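The values are calculated or read from the model by the stated rules, or taken from the named source; none is laboratory data. None of the values given here were measured: they were computed from a predicted structure. Every residue, glycine among them, receives a Cβ derived from its backbone with ideal geometry; neighbour counts consider all protein chains shown. Only protein heavy atoms, including side chains, enter the accessible area calculation; ligands, DNA and RNA are left aside. Shrake-Rupley method; radii C 1.70, N 1.55, O 1.52, S 1.80 Å.
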Amino acid sequence: VEAQLTRAMQLCMQRDFDSAISIMEAVRSGGHRSRYDELSYNLGKAYLERGKPGDLDRAIELLRANWAVNPRDSATAAMLGSCYKERDPDAAVEWFQKAIALDARNPPGRADAHHNIGMILMQKGDAAGAAAAAFATLGQEASVDEFSDASEQYNTLRKAALLAMDSYRMHVSEQLRL
């Protein structure tokens with residue numbers, strides 16, 4: 001079983017989600033369960049990454065099963081946030097907030113969750129909320145300097161939040177002139 005799961009993870013890294021899912025579903029249907037149900041987490045993540053019709057529902061089902069077994073797992077909370085980003089942004093924010101609350105010892109994870117919250121709030125037109133999330137992200141960034149691609153994401157969000165704040169200020173100024 002362990003060799004099969006290792007192979008499935010390798011296939012996920014190669015982005016061959018069809019093969020990885022096939023292996024993991026076979027192992028799962030064989031009754032394999034682990035203490036923290038990592039199989040459900042990895043399988044849910046693979047379905048989310050694959051992105052075929054119906055995959056999002058299956059990803060949510062599996063990740064919720066993992067959450068039921070391990071409700072203190074910040075990675076599962078963050079993954080559920082990712083699942084809900086398009087479908088239910090408010091639920092996504094709630095899941096990302098859970099991830100932040102649970103992830104005190106993982107600055108990159110916290111910063112990523114703040115980044116996702118900021119992006120959702122920007123899409124909803126909440127410039128102030130997005131700015132607050134950007135600044136929370138930046139507060140985490142000092143601990144994650146070695147993650148250059150993450151730093152790039154955070155800088156992008158920071159710039160977007162600052163532009164949104166400027167836009168909001170201009171809007172308020174125009175309203176006051178009327």
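For region 1-142, the equivalent ellipsoid derived from the Cα gyration tensor has semi-axes of 29, 16, 13 Å, listed largest first. The portion of the accessible surface of region 27-94 made up by carbon and sulfur, rounded to a whole percent, is 46 (1.4 Å probe; DNA, RNA and ligands excluded). What region 1-143 shows is 51 Å² of accessible area per residue, with the surface traced by a 1.4 Å probe over protein heavy atoms. Computed with every protein chain present, the accessible area of residue 69 is close to 70 Å² [probe 1.4 Å]. The residues 105, 33, 58, 177, sorted by heavy-atom accessible surface at 1.4 Å with ligands and nucleic acids left out, run 105, 177, 33, 58 from largest to smallest. A DSSP coil position with no more than 16 other Cβ atoms inside 10 Å describes the following chymotrypsin sites (Phe, Trp or Tyr not before Pro) in region 18-86: 36.
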